[in-house]
Amino acid sequence: MALSMTKTAATHIQKSLTQRGKGVGLRLGVKTNGCSGMAYLLEFADKIEEEDQVFESQGIKIIVDPKSLIYIDGTELDFVREGLNEGFQFNNPNIKNQCGCGESFNV
């Protein structure tokens, strides 16, 4: 099992962690939501729970709860800019269907 991120995503996250002034890494998970069933959850983590799985990519810790890991195993996190829009993109090999707006998915 593995998760990774691009250099662009890592640079953006590190900059945000520095501005925030605290945090051990990025928590990545999923929740039931949206028209396709699941949506990604991204937040800064201030601590690592005992049951968490921790991956390191580009010098950033990616922290995942065990229930989410089965849905996002193998995912690469990227940060993209397209015109005036920017945001995280999830390259998840487990996705079978995704809603038209790209906000939710199912496996």
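Readers should treat all values here as calculations from the given coordinates under stated rules, not as data from a laboratory. Just so we're clear, the structure is a prediction, and the values are computed from it rather than from any experiment. When we count neighbours, we look across all protein chains shown, and the Cβ atoms used for this are built from the backbone with ideal geometry, even at glycine.
Tabulated data for the structure shown
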| item | result |
| --- | --- |
| Pairwise label distance in nanometres, Thr8 with Asp65, each label 7 Å out on the Cα-Cβ vector | 3.0 |
| Theoretical FRET efficiency, 1/(1+(r/R0)^6), r = Cβ-Cβ of Gln89 and Glu51, R0 25 Å, to 0.05 | 0.35 |
| Per-residue Cβ neighbour rank within 10 angstrom, fewest leading, Leu77, Leu69, Leu3 | Leu69, Leu3, Leu77 |
| Total lysine pairs under 21 Å (Cα atoms) in the stretch 4-101, excluding pairs fewer than 8 apart on one chain | 14 |
| Ellipticity estimate at 222 nm from DSSP helix runs (n ≥ 4, -39,500 (n - 2.57)) divided over the chain, nearest 500 | -6000 deg cm²/dmol |
| Two-decimal ratio, the stretch 1-56, of alpha-carbon radius of gyration to 2.2 N^0.38 Å | 1.26 |
| Alpha-carbon Debye profile of the chain, log10 I(q)/I(0) at 0.11, 0.22 Å⁻¹ | -0.33, -1.29 |
| Virtual spin-label span in nm between Glu43 and Lys15, 7 Å along Cα→Cβ | 2.4 |
